[in-house]
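Colleague: One structure follows; several queries about it will come next.
The values are calculated or read from the model by the stated rules, or taken from the named source; none is laboratory data. Being a predicted model, the structure only gives us computed values, none of them experimental. Cβ sites come from the backbone with ideal geometry, for glycine too, and all protein chains shown count toward neighbours. What goes into the accessible areas is simple: the full protein's heavy atoms, side chains included, and nothing from ligands, DNA or RNA. Shrake-Rupley method; radii C 1.70, N 1.55, O 1.52, S 1.80 Å.
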Amino acid sequence: MKPKIVVVEDDQPILDLMDILLKKLGYDPVLIPNGLDALTYVRIEPPALILLDIMMSPLSGWEFLDRLRTEYNQREIPVILFTASPVGAERMAELHDPKLGILQKPVTFDELKTTLQQFLA
């Protein structure tokens, strides 16, 4: 069975690209265009990993992460922040979450592959 990866991203072209790349890497992508729907999905069917855009609405990636970790008590699911924001790494370091990583947009195929292998090992 292929590991399921939830991609939470509000930009459809990026979702489409991640679908192609994740399938090429042997994963089973679940594409969700907003944080609220993603929280509902993850609560019912926790994935192996979540790729999370930070800049979204109505729920930002930070709000999603906070709710995932506190309200839903899902601390074991690795989350990789997927962002173009330079602030992401600083804020991520403040959280001291060993199951949290970051990928800067635009991401290369090799960066994606390496990061996923690191968090799913």
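Colleague: Filter region 99-121 for residues that are in contact with a strand residue (DSSP E or B) (Cβ under 9 Å, 6 or more places away or on another chain) and part of a loop (DSSP other than H, G, I, E, B); which is nearest to D11 (Cα to Cα)?
Modeller: K105
Colleague: Within region 1-35, restricting attention to residues that are buried (at least 16 other Cβ atoms within 10 Å of the Cβ) and of a type in the set (V, I, T), which residue is farthest from R67 (Cα to Cα)?
Modeller: I14
Colleague: Are any of the residues in region 82-95 touching a strand residue (DSSP E or B) at 6+ places or on another chain (Cβ under 6 Å), open to solvent by 20 Å² or more (accessible area, probe 1.4 Å) and within 18 Å of Q118 (Cβ to Cβ)? Before you say what the answer is, go through the steps one by one.
Modeller: So in region 82-95, the residues touching a strand residue (DSSP E or B) at 6+ places or on another chain (Cβ under 6 Å) come out as 82, 88-89, 92.
Filter once more, keeping what is open to solvent by 20 Å² or more (accessible area, probe 1.4 Å): 89, 92.
From what is left, the residues that are within 18 Å of Q118 (Cβ to Cβ) are 89, 92.
Yes, there is a match, as at least one residue in region 82-95 is touching a strand residue (DSSP E or B) at 6+ places or on another chain (Cβ under 6 Å), open to solvent by 20 Å² or more (accessible area, probe 1.4 Å) and within 18 Å of Q118 (Cβ to Cβ).
Let's see how each residue does on (1) open to solvent by 20 Å² or more (accessible area, probe 1.4 Å); (2) in a helix (DSSP H, G or I); (3) touching a residue at least 24 places away in the same chain (Cβ under 8 Å); (4) over 21 Å from L95 (Cα atoms):
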site: D37; (1), (2), (3), (4): yes, yes, no, yes
site: Y41; (1), (2), (3), (4): yes, yes, yes, yes
site: P46; (1), (2), (3), (4): yes, no, yes, yes
site: M55; (1), (2), (3), (4): yes, no, yes, no
site: E63; (1), (2), (3), (4): yes, yes, yes, no
site: N73; (1), (2), (3), (4): yes, no, no, no
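Colleague: Same structure, new question: Of everything in region 8-33, what is in contact (Cβ under 8 Å) with a residue 60 or more places away in the chain and part of a loop (DSSP other than H, G, I, E, B)? Give them in sequence order.
Modeller: E9, L25, Y27
Colleague: May I pose another question? Say whether the condition of being modelled with pLDDT of 95 or more, over 20 Å from Q118 (Cα atoms), touching a Ser or Thr at 6+ places or on another chain (Cβ under 8 Å) and among the small types (G, A, S) is met by at least one residue in region 22-40.
Modeller: yes
Colleague: OK, next. Looking at (1) open to solvent by less than 60 Å² (accessible area, probe 1.4 Å); (2) touching a Phe, Trp or Tyr at 6+ places or on another chain (Cβ under 8 Å), which is the only condition L59 fails?
Modeller: (2)
Colleague: Another question, if that's okay. For region 78-98: of the residues being assigned to a loop (DSSP other than H, G, I, E, B) and in contact with a Lys or Arg (Cβ under 7 Å, 6 or more places away or on another chain), which is modelled with the lowest pLDDT?
Modeller: Step one: of region 78-98, the residues assigned to a loop (DSSP other than H, G, I, E, B) are 78, 84-86, 96-98.
Those still in the list that are in contact with a Lys or Arg (Cβ under 7 Å, 6 or more places away or on another chain) too: 78, 84.
Values: P78: 97, A84: 80.
Looking at the filtered set, the residue picked out is A84.
Colleague: Restricting region 99-121 to residues that are open to solvent by 40 Å² or more (accessible area, probe 1.4 Å) and β-branched (V, I, T), which is modelled with the highest pLDDT?
Modeller: Out of the qualifying residues, it is T114.
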